[in-house]
Amino acid sequence: MSTVHTDIVTPAGKVFSGDVHMVIVRATSGEMGILPHHMPIVAPLDIAMVRLKYDDGEKVDFAAVHGGFIQVSPDHITILSEAAEMKEQIDIERAQKARSEAQQALSTLHESSEGYEEAMLKLKRSELRLKTATVDE
Amino acid sequence: MPSMRDIKEKIASTKQMQKITKAMQMVSAAKLNRAQTTAQSFEPYAAKLREMVAGIAASANNQGGRHPMLESRPVKKTAYLVMTADRGLAGAYNGNVLKYASELIQKNHRSKEEYTLIVTGKVGVHYFEKRGYPVAFSQTGVPDELSFDDASDLAKRTVAMFIDKKIDELYLVYNHFVNAISQKLLSTRLLPLTDISGEDSGGEKAIYEYEPDEDEVLEKLLPLYAEGQIYGALADAKAAEHAARVTAMRNASDNASEIIDNLTLSFNRARQAAITQEISEIVGGAAALE
């Protein structure tokens, strides 16, 4: 099977860099699975889990990607995000704390009130982190 | 002439001070190291973003569809994002930026209606508030180990001001880190984004498909780019701050050693004078007995 070089880049540096066979992301327009020699494309991403499938067809890496973009060129794929973590890097305790904080904030806020969106975003992020950290391979 | 005890006390207190300035120098050197690493790891992200923005801006131009962040509009209000430190003891670091910013404003604007300021760092906030400059908002307590989360709030608010048309232009005014001993004052125009499309990466240019369409991608990409640039400038200013502090503290330590040397010399002189006087007193006393 062929592979394509993939990077996950954040302001804090490269989170992932390697050759994979398939990258599965959730763009704002829907789920996408990208194989080598995909047509060049740029798409914004949702706050969602990214799956990186390796050549052997068995090993899969997971990353929590908090929005951003995917850029597919003929010879490489770049995922660009303000924040992204590989499964092993996620601080579960911190994510749990963030989730309960966000839930608490949401319970006191109305949909139209200030800070609601922010709390919702925080909840989404922490839930994604927890989901990615506990995902089964 | 000061007594031996006075000099001794002075030497002791100067030594204490030197210990502190040396410690501060070392702390800042360590922080400088980390700040440089932060700035370096940001580089690939910034480069990639620039490439994407340039690519899409070029193709958006072709179709005539333009995003408000790319477009220059008549300037009614200019915003300056001035980056200072939270603390002093960094030599001329803060003074330079503040002086430069005030001069820039004086040169380009006649009334307070024409500009507004966004300030980071306590020193800058105090300076501008005391002099009655219009400050839109400010952020103090930017941590030494900068992470993107710390900057994103400030960056988002700034970019939102531009999108809401509260400001028509945004300049970043800060100390750029050149190397460990020199900083350069910079004032760069970040918004509107006009000079990004000129860059050619040299490699083969792929024609990208945009999902769902170009406008939507631009809508998300441009704020991300502007925020990234602000974060990059903050990280740059942080590195410059630590570098300035290292230099200032090294100078202070050097000065302290010089003072200690001089004081030790006069202490020895005073001691020698006392001994000489004692001897001459003894000799004088013995002579009187004979």
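The values are calculated or read from the model by the stated rules, or taken from the named source; none is laboratory data. Note that the structure is predicted; figures quoted are calculated from it, not measured. Every residue, glycine as well, gets a Cβ built from its backbone with ideal geometry; the counts of neighbours run over all protein chains shown.
Mind counting the residues in segment A:73-89 that are of a type in the set (V, I, T) and either over 12 Å from the mean Cα position of the chain (by Cα) or surrounded by fewer than 14 Cβ atoms within 10 Å (Cβ to Cβ) (or both)?
Adding up the residues that qualify gives 2.
Take B:R110 and decide whether it is loosely packed, with under 13 Cβ neighbours inside 10 Å, among the basic types (K, R) and more than 30 Å from A:F69 (Cβ to Cβ).
Against the criterion (loosely packed, with under 13 Cβ neighbours inside 10 Å, among the basic types (K, R) and more than 30 Å from A:F69 (Cβ to Cβ)), B:R110 qualifies.
Report whether or not A:G57 is of a type outside the set (D, E, K, R) and within 14 Å of chain B (Cβ to nearest Cβ).
Spelling it out, it is not the case that A:G57 is of a type outside the set (D, E, K, R) and within 14 Å of chain B (Cβ to nearest Cβ).
Check off (1) assigned by TED's automatic domain parsing to the domain that holds B:N94; (2) out of contact with any strand residue (DSSP E or B) (no Cβ under 6 Å at 6 or more places or on another chain); (3) in contact (Cβ under 8 Å) with a residue 12 or more places away in the chain; (4) not hydrophobic (A, V, I, L, M, F, W, C) for B:E216 and give me the number that stays unchecked.
Here B:E216 clears every test but (3).
Quick one: A:I47 ticks every box in (1) under 19 Å from B:F42 (Cα atoms); (2) within 14 Å of another protein chain (Cβ to nearest Cβ); (3) within 12 Å of the chain's Cα centre (by Cα) except a single one, so which number is it?
Unmet condition: (1).
Hey, among A:S100, A:S113, A:S126, which residue is modelled with pLDDT under 85, hydroxyl-bearing (S, T, Y) and outside the structural domain of A:F16 (by TED's automatic domain parsing)?
A:S113
Check whether at least one residue in segment A:27-42 is under 11 Å from the mean Cα position of the chain (by Cα), within 27 Å of B:A54 (Cβ to Cβ) and of a type outside the set (S, T, N, Q), and report yes or no.
The answer is yes; a qualifying residue exists.
Before we move on, is A:A12 at pLDDT 90 or above, within 14 Å of another protein chain (Cβ to nearest Cβ) and more than 12 Å from the chain's Cα centre (by Cα)?
No.
Any idea how many residues of segment A:69-80 are assigned to a loop (DSSP other than H, G, I, E, B) and without any contact (Cβ under 8 Å) to a residue 40 or more places away in the chain?
Residues flagged as assigned to a loop (DSSP other than H, G, I, E, B) and without any contact (Cβ under 8 Å) to a residue 40 or more places away in the chain within segment A:69-80 amount to 2.
Restricting attention to segment B:68-82, does a residue exist that is within 22 Å of B:V217 (Cα to Cα), surrounded by 18 or more Cβ atoms within 10 Å (Cβ to Cβ), more than 14 Å from chain A (Cβ to nearest Cβ) and in contact with a helix residue (DSSP H, G or I) (Cβ under 8 Å, 6 or more places away or on another chain)?
Yes, segment B:68-82 contains a residue that is within 22 Å of B:V217 (Cα to Cα), surrounded by 18 or more Cβ atoms within 10 Å (Cβ to Cβ), more than 14 Å from chain A (Cβ to nearest Cβ) and in contact with a helix residue (DSSP H, G or I) (Cβ under 8 Å, 6 or more places away or on another chain).
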